[in-house]
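Notes follow the structure.
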Amino acid sequence: MPAFQNSPGMRDILPPDSARWRTLNNVFADVVETAGYGQIITPLIEDVGVFTRIGEATDVVTKELYAFEDRGGRHVSLRPELTASVCRAFAQHRPVAPWKVWYSGPNFRQEKAQRGRYRQFDQVGVEVLGVDDANLDVEVIALAWEFYLRLGLSQVTLILNSLGDPEDRARYVEALRKHFEASELTDQSRETLENNPLRVLDSKREFDAPAITSAPQIAEFYSPGASRHFEAVVAGLTRLGIPFDVEPKLVRGLDYYRSTIFEFQGGTLASAQNALGGGGRYDGLVEALGGPATPGIGFALGVDRTLLACNDEGVFAPAPRRLDAFVVDVAGGFEAVSITGELRAAGLAADRGFENRSMKAQMKLANRSGAAFALIVGDDQLATDTVVAKPMQGGGDQQTIARSDLISHLKDELRRLQ
Ligand code: AMP
């Protein structure tokens, strides 16, 4: 056993798996940049106040923050999500609205680790600040949908709800409180009720089920404007042919949501890891962080869970980049310095053996590397300024090539192999 291992809930992503992570990020960047979103990179650490504004009644804030005092006595925290940081950046830099940004990166929550639930986990997401238009809600949801399609996932479901305007939501919360106070609930749900009656709807405990089934529904509380907005979102998604279910009990974890909210669920994951991602409209977050009142909408998709869903569906297995050549230098190892340099400068992927190991040992490495060609240099080749090119994948004879022709020869051969 080594002296140290990664902390609970923290993982190493090793090659070749890491290539899949990067490709996923690239696919996401491609989807959202095509729609005019620019990348934002925010710090991993913020003033803890940025995150407590998310909502005093959410577990993310009350139980899971990695908050600490830095050496300057500042109260800071590792970020548990990115929406608050994006809103802080908007309030700070005051960019021209509408501001469409995307992000990717790790977040930190002190949760109980299990499959699909980690203490450091990655998300990709978008936020749009400064636009209150149902057509934007449709655009944002459609981008996440397109991303899943591009990965090859076909069993993702979209569930949709509206929490109405803030006043509608407030009236609904009061009605829920009254209803649940008069109902039979588990002790855990009673505790949730104290802080956040909406979250009682999330309970999966059987004993709570009758109270939840008979609870008032949010739609009864919509103002005419909130109804119109939601109808327009439904119409837009229908027009795009994106399937969805309206789920009146969907409330989402964080306090700042209002109006349109949505979640993507995997078709194959066990229910604890079922939520692949989600988002919605939020109000007041930019304002709470010192900026002007600004409407916002966004989503965050869990990278870890998305990849688990890809595993379960048997899709998105991008091959890591293959080497074009592996240089086997058994003439001292110095020739391979310039050969790999030339190859790489010409845009070819090349690796080499080190430590002047035997021909057999280096050929084994060449084999394992998956390179298309082994380029062998021994004393004979050194004397004649040549290289032996041995095809490693599929047939073909090895050939002796003049050093000066190496790049063009290799490029021709690689083109033939394609
Ligand atoms: P949230 O920011 O809580 O709305 O989460 C958005 C998405 O991030 C979820 O649907 C999950 O896919 C993912 N996620 C949230 N928390 C975790 C975690 N602890 N481990 C892995 N993924 C997570």
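Cα gyration tensor of region 325-417, axes a ≥ b ≥ c as square roots of the eigenvalues: rounded (a/c below 1.5), prolate (a/b > b/c) or oblate?
It comes out rounded by the Cα gyration axes.
When only Cα pairs under 8 Å and 6 or more residues apart are kept, what is the percent relative contact order across region 325-417? Each step should come with its number before you reach the end.
Numbers: 144 pairs, mean separation 25.1, N = 93.
Once normalised by length, the contact order is 27 percent.
Which percentage, to the nearest 5, of the DSSP beta bridges contained in region 325-417 is antiparallel?
DSSP beta bridges in region 325-417 are roughly 50 percent antiparallel.
For ARG228 and VAL315, what does the FRET efficiency come to when R0 = 45 Å and r is the distance between their Cβ atoms, rounded to the nearest 0.05?
With a Förster radius of 45 Å, E is 0.75.
In Å², what does the accessible area per residue of region 325-417 work out to with a 1.4 Å probe?
Counting only protein heavy atoms, the per-residue value for region 325-417 is 53 Å².
Ignoring any ligand, DNA or RNA, what whole percent of the accessible area of region 325-417 comes from carbon and sulfur when the probe is 1.4 angstrom?
Summing carbon and sulfur atoms, their accessible area is 48 percent of the total for region 325-417.
Distance from the Cα centre of region 211-287 to that of region 42-100, in angstrom?
Cα centroid of region 211-287 versus Cα centroid of region 42-100: 24 Å apart.
Per residue, how much accessible area does region 1-113 have with a 1.4 Å probe, in Å²?
Averaged over the residues of region 1-113, the accessible area is 56 Å².
In whole percent, how big is the carbon plus sulfur part of the accessible area of region 1-98, probe 1.4 Å, protein atoms only?
Result for region 1-98: 53 percent of the exposed heavy-atom area is carbon or sulfur.
I need the peptides 101-111, 3-13 ranked by packing, meaning the mean over residues of other C-beta atoms within 10 angstrom, with the highest value on top.
Going from most to least packed, we get 101-111, 3-13.
Give the shape of region 325-373 as rounded, prolate or oblate, defined through the alpha-carbon gyration tensor: a ≥ b ≥ c are the square roots of its eigenvalues, a/c under 1.5 means rounded, and otherwise the shape is prolate if a/b is larger than b/c and oblate if not.
Because a/c hits 1.5 or more and a/b fails to exceed b/c, region 325-373 counts as oblate.
Using only DSSP helix segments of four residues or longer, with each worth -39500 (n - 2.57), what per-residue ellipticity at 222 nm results for the chain after dividing by its residue count and rounding to 500? Could you put the intermediate results ahead of the total?
Details: 16 runs with 160 residues, N = 418.
Computed ellipticity for the chain at 222 nm equals -11000 deg cm²/dmol.
Can you work out ³J(HN,Hα) from phi for every residue in region 381-386, in order, using Karplus 6.51 cos²θ - 1.76 cosθ + 1.60 and θ = phi - 60°, giving whole Hz and x for Gly and Pro?
5, 4, 5, 9, 6, 10
Starting from the Cα gyration tensor of the chain, take the square roots of the eigenvalues, sort them a ≥ b ≥ c, and report rounded, prolate or oblate (rounded when a/c is under 1.5, otherwise prolate if a/b is larger than b/c, else oblate).
prolate
Only loop residues by DSSP count here, and only those with at most 13 other Cβ atoms within 10 Å; note down the chymotrypsin sites (Phe, Trp or Tyr not before Pro) in region 279-350 that meet that. Mind showing how you got there, number by number?
On the way: sites: TYR282, PHE299, PHE316, PHE326, PHE334; in loops: PHE316, PHE334.
When the chymotrypsin sites (Phe, Trp or Tyr not before Pro) of region 279-350 are filtered for loop state and at most 13 Cβ neighbours within 10 Å, PHE334 remain.
For region 1-70, which GluC sites (Glu not before Pro) are in a loop by DSSP, counting at most 12 other Cβ atoms within 10 Å?
GLU56
The values are calculated or read from the model by the stated rules, or taken from the named source; none is laboratory data. Since this is a predicted model, take the numbers as computed values, not measurements. FYI the Cβ positions are ideal-geometry reconstructions off the backbone, even for glycines, and counts take in every protein chain you see. Quick note on the areas: whole protein, heavy atoms, side chains included, nothing else; ligands and nucleic acids left out. Shrake-Rupley method; radii C 1.70, N 1.55, O 1.52, S 1.80 Å.
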